[in-house]
Structures are given as structure tokens and as C-alpha cells.
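Student: Quick one: the structure is below, and I'll ask about it shortly.
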Amino acid sequence: MCGIFGYIGTKQDASTSILEGLKSLEYRGYDSWGIALQKSDGTVHITKHPGKIGDAKAPDIQSSIGIGHTRWATHGAISRENAHPHTDCTGDVVLVHNGIVENFDKLKTELEAKGHTFKSETDSEVIAHLIEEFLTSSQDLGNVMKQTKQAIDGMNAVIVLFPKHQTFYIIKNGSPIVIGKASDGYYIASGASAILPHTKEVYFLEDGESAKLTTDALTIFDKQGQEKQPTFISLPYDAQMATKGDYEYFMLKEIEEQPTVLQTISKSGYEDIQKAATLIKNAHETYLIGCGTASYAALAGTYLFSKIAKRHINHSIGSEFSYLVDFLTDKSLIIPLSQSGETIDTISAVDSAKQKNAQILAITNSIGSTLYRKADTNILLNAGPEKAVASTKAYTAKIAYLYLLAHEMNGSYDKGIDHLDTAIKAISTLIDNQNDIEQIVHGMKDSTSIFVLGRGLSYPAALESALKIKEVSYVHAEGFAAGELKHGVLALVAKGTPIILFNPHDETYEDTISAAYEVRARGGYVIGLSDTNHEAYDEFIHIPDCGDCTVIPNVVVAQLMGYYLALAKGFDPDKPRNLAKSVVVK
Ligand code: AGP
């Protein structure tokens, strides 16, 4: 969703850094963009555009202070007027905003009655006029920003440039804001990876905190408005890892990084896994929660813990969890799973659980993120920056952690590692032979529906696989428990409908073969994934038996299918329409 990038410091090419910063935030999803630059004569140059940045050049302006924004439309159409930055009536207040001002309607009516003129339909512009209004009774910017913070409802992050004072003020109550400290000044962004080319030293602003930045000083104020000493952390990866390198798309780069990510978990994940196993053993009950792909990892966790650790662990979709918290106590353990650590539905679920004093063990890929900071205990996926909207390596890393955790609880950690290592080899082979998958996908590119079937552990894998295919290729894809076929799904199978069938050699094997016959009898085209070919398959993809870890290479096949299907249909797999990488509004 919306992205913010700002710079205040000593170098004169803020313009270039801001444009580059916005480009590196493109993965979040946006539909218009804009930049405000303060010139040396004190005036502010604002440029705004509907659409993508594309080949746009940075404004040719010398400046050492500026803010940029990528907008994901909520209030008002995608237009130049509605793009950020927004200003007040005088131009003395210039701002960018992430979030939703829930009481904007009421505020707008009051401000219009006081004579303010609005240029856009956005809730964001209301903040600029509100600040202008407060400035009529006080020139103390800190005080004005405090009033502004109190007056706006909702989860918001706002950076305000006061050109007359050459100062930024930031208020935050929701959307992420990271401040980087570099030798040439301060960088501000909604995602840490955008700051990486400039510095690794970052401070994640907490909800309720605010900040004042000038060319050479940063002051952080706590929730009560008192000055506080910020503790900067060092990001554990470098700028190179957040770039495409020789790849055309992040999605393929991230798919191909999976063997390395999983090897790191296999070699050095034990300490974290032990820590988490103890927490689960001591808890009265445990819930795995997450959204989208992370919710399917949570569901997989329920199966893995039941099968391997002989322990029932609940799972819930993040946005549903606040309706399930009534029985939680201080003995409950909540495990939010999240790549970004910023998904608002997962964060709200955690907040509801915290109100019941439940313990939080966050499994995220983003050090310093909101979930990371809210958790009592953290496990970092260490998958490196994931920038394609479709989550790939963060998903398989989550499954690997849950799998090893279940084995640790069962006292069979070494067996888990053996299976994970076999799965890593299987993924490498799939990646080496990805042309075969590309070929199969060519035969599917005109299909209007694709179904993915699996039983047991392969059921959540089927759900995730269908999500991967649909979100990047826009082909209707659905995952089903293979046993559900005859309860309704069969009605959807027509001549030639591709059916991806996960059939590992486990307790589900024979029943899944029956499913293959059932769909074939209705004309379905069965693509079987298994360790041995079978006459019930029209197409066969060999996946070696990796025990319960077989689900990992199975999903990698679907990731590659989604990727190649998107390319075959002429879509950009990194930036699917209507979707954002970080879903920070409800
Ligand atoms: C994954 O491919 C999706 N784009 C999406 O479902 C994502 O997994 C979900 O929004 C949760 O994100 P998170 O892991 O950052 O919390």
C-alpha cells in the first residue's frame, strides 16, 4: 500500500534519492506518486502523477529536503489532484500520509466552514488544513503536531514538511515508519529496505511516538510527548540483497533463493526452535495466526503439530481472530506468522490477544517491524528482503520452522533435518529443470480455471498453491481437500480443466489416486506430483519423497507455475493488479 520516502540532510540531490526510494517501495503497490522538494530559496516544488513511476526522471532541482509518496487510492479516484504531497491553503504545510483518517468527513466540514479550500478528495489533505488551522493560534510546531495527532482518528503515519522552518515533523499511530541515520543526514521510509542503500542504522518509530528532524538533528518524543533517546538497530542484510541483480523479476529471484534460505534454517535454526518449543509446551493453548499465504502456513502448522508433535494447535485467519479471543488467558500463546510484520489484520489480532495478557511469539521476516516489536519473543525467518507481492521464500521458511518445531517437540529433530535437507535438494532440482514446468504451463494458459487438490498436509499446500497461481496469473485457481470433490467440487470440472494433484507417498496416497480417477472420468487433465508416476496422471512431475516436508517442493512447483503463467499471459508477476505487498489498512 502507500509508501513514504523522505530525506533531510546535507547533500543537494535529495530529488534522485527520493525517486529511487519510491521505486524501491513500488513493491508495496500504488497507483499514483509525487515528490515535494524544498529549493534553496525556501519555495517548494511539487510534482504529482497518476500511474506508475516507469521511466520518469527525478525533478532537476537542487535540494537537501524533500518527501515523496506512492499512493494506493482509498479516498478519491486515481488522479493528479489526489496524489500526495498535499498542502494547506498557504503552502506552508506540505505532507504525505499513510493510513486512513477515520473522522475526515467531520473535520473537512468544520474546516470548510472556517474557509479552508480543498484541492483533492482525499482524507490526507484534511490533515494539512487542520495543521494550518492550529498554526493560527500557536507557532509552536511541537504543540501544533500534538494537537493534530489528538484530532485525527485511525491508524496513520504523517510526515509534514514545514518549509519556513526547514523541518520535518512525523506523527505515527499505525503505518510503519523507519528513520535511517546516515553520514549525510536522515532518511525516512515506510519500509526498511528502501533505506538500505544509504544506511543500515535504523530506528522504527513506535505507535504514538513522534519525531522532529532538521538537517543535523533528530528528536524522538514518546507517547506522552517527552523526549526520548532512540535505540537504533543495524539491519541484518545489505542493499544488494534487496535488488533484482541479474533477474528480470523479483519473484523468480526469490523462488530461486529458497534452497539457500532453507539451508540457513537447517543449519542455524535450532536455538530459536528450542526456545519456541518450550513456550508451546508451557502454554495452555496455542494459536497460529496469519493472513493470506501466512494463514495457509498457520493451517499447515495445525496439521504438522497434530501429526508429528501429537499436539493440537489452533489456527486462525488474522482478520477473524479478534472474534475468537474470549477464552484466552495469560497462559495462552499466540504465534503470528508474517513476512512483513506489518499486516494490520495480524497486528490487530495480536493486540486483541495482548489485551487478554496472552504471550506473543512472532515469526516474521522483518526485524524491527510492528509485530517484531509487539512480541514477547521473536523468531526471524532470515529469508532476506522479499519484494515480489507474491510471497514465496517467506512461506517455505515458515513451513520449515513449523516442521522442525513439531519435530523438536516430538524429540525427532534430526529426522526433521534429514527430510528438510532432502526437500532442499528437490527444490534445487526443480529450479534447475524449471523449463519443464514452463512447458506444462503453456498447455494451461488458456484455461479459465485451475484446481489444486491434496489431502492432509497437502490440503493447506493446495490452498497456498492456488493463491500463488491466481494472484500473479489472474486465472481462477482454487485449492481443495481432495476428499471434498464429490461433495460439490466435481461440478466445476469440465473437459480439459487442469487439476494439479499433490500425491506424496504418505497415508493420503491411495485416496488421492481415487480423486485423480474421479476428475479424469469428468474430462479433467491431471498433473500429478509424486515420487512415482501413475496411469491416473495425464502429466507427471517427479517430487522425491521428503517425508512430511514433501509439501515444500510441491508448493515450489506451483510458485513456478504461477510465475510462468503470468509471463505467458503478459503480466508482471512482481506487481499483480489490485494487490499490495504490505496490507496496512483493514
Ligand atoms: C502472498 O502471496 C500474498 N500476497 C498475501 O496473501 C500475504 O501473504 C498476506 O498479505 C500476509 O502478509 P504478511 O506475511 O506480510 O503478513
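Student: Work out, step by step, the length gained on full extension between Lys281 and Tyr323: first 0.36 nm times the residue separation, then minus their alpha carbon distance; give nm to one decimal.
Tutor: Once the chain is fully extended between Lys281 and Tyr323, it gains 12.6 nm.
Student: Take Ser268 and Asp506, extend 7 Å from each Cα along the Cα→Cβ direction, and tell me the distance between the two endpoints in nm.
Tutor: 2.9
Student: Take the Cα pairs of the stretch 3-241, get the Kirkwood Rh, then feed it into Stokes-Einstein at 10 °C and 1.306 mPa s and tell me D in µm²/s.
Tutor: 90
Student: I'm checking a number: the convex hull volume of the Cα atoms of the stretch 250-431, normalised per residue, in Å³. What is it?
Tutor: Looking at the stretch 250-431, the number lands at 97 Å³ per residue.
Student: Using alpha-carbon positions, what is the distance between the centroids of the stretch 361-432 and the stretch 145-173, in Å?
Tutor: Cα centres, the stretch 361-432 to the stretch 145-173: 37 Å.
Student: Another one. Which of the lysines could a cross-linker bridge to Lys228, judged by Cα under 24 Å and excluding same-chain residues fewer than eight apart?
Tutor: Answer for Lys228, where 24 Å is the Cα cut-off: Lys146, Lys149, Lys172, Lys181, Lys200, Lys212, Lys374, listed by chain and number.
Student: Related question: Mean separation of Cα pairs under 8 Å and 6+ residues apart, divided by the residue count of the chain: what relative contact order is that in percent?
Tutor: Relative contact order comes out at 11 percent.
Student: To continue, here is another question. Relative contact order for the stretch 433-575: what percent, with Cα pairs under 8 Å and sequence separation of 6 or more?
Tutor: Relative contact order of the stretch 433-575: 29 percent.
Student: Right, next: Normalised by the number of residues in the stretch 518-586, what is the relative contact order in percent for Cα pairs under 8 Å and 6+ residues apart? Display every interim value, and only then the final one.
Tutor: Working: 47 pairs, mean separation 11.1, N = 69.
With pairs under 8 Å counted, the relative contact order is 16 percent.
Student: Something else: Which loop-located trypsin sites (Lys or Arg not before Pro) does the stretch 473-531 contain, where loop means any DSSP state but H, G, I, E or B and the Cβ has at most 16 other Cβ atoms within 10 Å?
Tutor: Lys495, Arg522
Student: In terms of Cα to Cα distance under 14 Å, which aspartates and glutamates are near enough to Lys39, apart from those fewer than 8 places away along the same chain?
Tutor: Asp13, Asp60, Asp92
Student: Along the Cα-to-C-beta direction of Thr43, a point sits 7 Å from the Cα; which residues of the stretch 86-116 have their amide N less than 20 Å from that point?
Tutor: 86-95
Student: Could I ask something else about it? Amide H neighbours of Asp531 under 5 Å, counting only residues 5+ apart in sequence or on other chains, H built in-plane at 1.01 Å?
Tutor: Distant-sequence amide H within range of Asp531: His505, Ile543.
Student: Separate question: Say the dipole of the chain comes from +1 at the beta carbon of Lys and Arg and -1 at that of Asp and Glu; which of Ile170, Tyr372, Tyr237 then lies farthest toward its positive end?
Tutor: Ile170
Student: Under a crude label model (7 Å from the Cα following the beta-carbon direction), how far is Gln12 from Leu579 in nanometres?
Tutor: 4.5
Student: So, for the chain, what is the accessible surface per residue at a probe of 1.4 Å, expressed in square angstrom?
Tutor: 38
Student: Next question. Amide H of Ile100 versus every other amide H placed in the peptide plane: which residues, excluding those fewer than 5 positions away on the same chain, fall under 5 Å?
Tutor: Close amide H contacts, sequence-distant or interchain: Met155.
Student: Find the Rg to Rh ratio for the stretch 433-575, where Rh is the Kirkwood radius over alpha-carbon pairs and Rg uses the same atoms.
Tutor: 0.93
Student: Post the alpha-carbon centroid distance, the stretch 468-518 to the stretch 183-240, in whole angstrom.
Tutor: Cα centroid to Cα centroid, the span is 48 Å.
Student: A further question follows. Quick one: Kirkwood hydrodynamic radius for the stretch 418-475, alpha-carbon pairs, angstrom, one decimal?
Tutor: Values: mean 1/r = 0.0761 Å⁻¹.
Computed over Cα pairs of the stretch 418-475, the Kirkwood hydrodynamic radius comes out at 13.1 Å.
Student: The chain: percent of C-alpha pairs farther apart than 38 Å?
Tutor: 34
Student: Which trypsin sites (Lys or Arg not before Pro) from the stretch 262-353 combine a DSSP loop assignment with at most 14 other Cβ atoms within 10 Å?
Tutor: Answer in residue order: Lys310, Lys331.
Student: Given a 1.4 Å probe and every protein chain left where it sits, what share in percent of the accessible area of the stretch 433-575 is carbon and sulfur?
Tutor: About 48 percent, which is the carbon plus sulfur part of the accessible surface.
Student: Turning to a different aspect of this structure: Report, in degrees rounded to the nearest 10, the 0 to 90 angle that the Cα long axis of helix 141-151 makes with the longest principal axis of the chain.
Tutor: Result, in degrees: 50.
Student: To continue, here is another question. So which trypsin sites (Lys or Arg not before Pro) in the stretch 113-169 pass both tests, a DSSP loop state and at most 15 other Cβ atoms within 10 Å of the Cβ?
Tutor: Answer in residue order: Lys114, Lys119.
Student: While we're looking at this one, here's another question. May I ask you to list the lysines whose Cα is less than 17 Å away from that of Lys425, ignoring any residue fewer than eight positions away on the same chain?
Tutor: Lys267, Lys393, Lys415
Student: Could I ask something else about it? Counting only residues 5 or more places away or on other chains, whose amide H sits under 5 Å from the amide H of Tyr247 once H atoms are built in the peptide plane?
Tutor: none
Student: Step by step: find N for the stretch 345-385, compute 2.2 N^0.38 Å, then divide the Cα radius of gyration by it. What's the final number?
Tutor: The stretch 345-385 yields a ratio of 1.14.
Student: Calculate, for Tyr247 and Ser183, the FRET efficiency according to 1/(1 + (r/R0)^6) with r their C-beta to C-beta distance and R0 30 Å; round to the nearest 0.05.
Tutor: On the way: r = 31 Å, r/R0 = 1.03.
Calculated transfer efficiency: 0.45.
The values are calculated or read from the model by the stated rules, or taken from the named source; none is laboratory data. Only a predicted model underlies this, so the values are computations on that prediction, with no experimental measurement involved. Using ideal geometry, Cβ is built from the backbone for each residue, glycine included, and neighbour counts are taken over all protein chains shown. Note: areas computed on protein heavy atoms with side chains; ligands, DNA, RNA excluded. Shrake-Rupley method; radii C 1.70, N 1.55, O 1.52, S 1.80 Å.
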